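Here the structure comes first, spelled out in structure tokens, and everything after it is commentary.
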Amino acid sequence: MNQATRIPRGEARRRILDAALNVIRAQGYSATSVDDLCKAAGVTKGAFFHHFASKEELGVAAAQHWSDMTGGLFAGADYHRHADPLDRVLGYIDFRRDILAGEVSEFTCLVGTMVQEIYDTHPDLRAACNRTIASHVATLVEDIRQAREMHAPDADWSAESLAWHTQAVLQGAFILAKAKGGAAIAADSVRHLRRYVEMLFAEAPAE
């Protein structure tokens, strides 16, 4: 690599992590090699192993990088502006539907992709994926709790359980999108999730 194309100090690690988000979602964790990541990032193997002792260590770091990247996306979304917490919850679901665009690998979840493959073979990576998913679930709980207090105070379910259920539906929708080769079935699943949540919060019929 000559002087003109040399990567600035400190940038190689970020480039490898950015490459991991794209390559692993497209190929899967097991099928992705260090060579694939280096090629996509435009770095040498020496640079890779300077920052990561192994592909698994890269995977753990990529899970956190994914959490940081997507956390900013969701934190800045318009649905947070709604005054009614139920509108914020429904707005979140609508937002998830609206970002189902492009190639399947462009909208599916990095940690969901990885954990399906490695949950029983790479415990540290599984734990990293769980932390990332759990941290996202935690961002939903307070809005759901407030919506439950306002609209369904006698409900027999918890805010935490509904927050986790939304993720179960979304991750399942991603699997179906991969099987079908497109976003349409995933979008339909998210619409059904919205209908389900609306029914949960519907006022009980008068006696």
Förster radius 25 Å - calculated FRET efficiency between ARG145 and TYR196, Cβ distance, rounded to 0.05: 0.90
Tilt relative to the chain, helix 55-75 - C-alpha long axis, 0 to 90 degrees, to 10: 40
Principal-axis tilt of helix 11-27 within the chain, Cα atoms, nearest 10 degrees: 60
Length-normalised contact order of the chain in % [C-alpha pairs under 8 Å, at least 6 apart]: 21
Structure-derived Rg and Dmax of the Cα atoms in Å: which label, when the choices are [x] 19.6, 79; [y] 18.9, 64; [z] 18.9, 59: [x]
Difference of contour (0.36 nm per residue) and Cα-Cα distance, MET69 to GLN116: 14.8 nm
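With the other protein chains left in place, how much accessible area per residue, in square angstrom, belongs to the range 50-207 at a 1.4 angstrom probe? Write out the running numbers ahead of the final one.
Numbers: 8440 Å² over 158 residues.
Roughly 53 Å² per residue, with all protein chains present.
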Carbon/sulfur fraction of accessible area - the range 56-202, other protein chains in place, 1.4 Å, %: 53
Helix-only CD estimate at 222 nm, as mean residue ellipticity for the chain, using -39500 (n - 2.57) per DSSP H run (n ≥ 4): -23500 deg cm²/dmol
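The values are calculated or read from the model by the stated rules, or taken from the named source; none is laboratory data. In this text, all values refer to a predicted model and were calculated from it rather than measured experimentally. With ideal geometry, Cβ positions are generated from the backbone for all residues, glycine too; neighbour counts draw on all protein chains shown. Side chains are part of the model used for accessible areas, which takes the heavy atoms of the whole protein and leaves out ligands, DNA and RNA. Shrake-Rupley method; radii C 1.70, N 1.55, O 1.52, S 1.80 Å.
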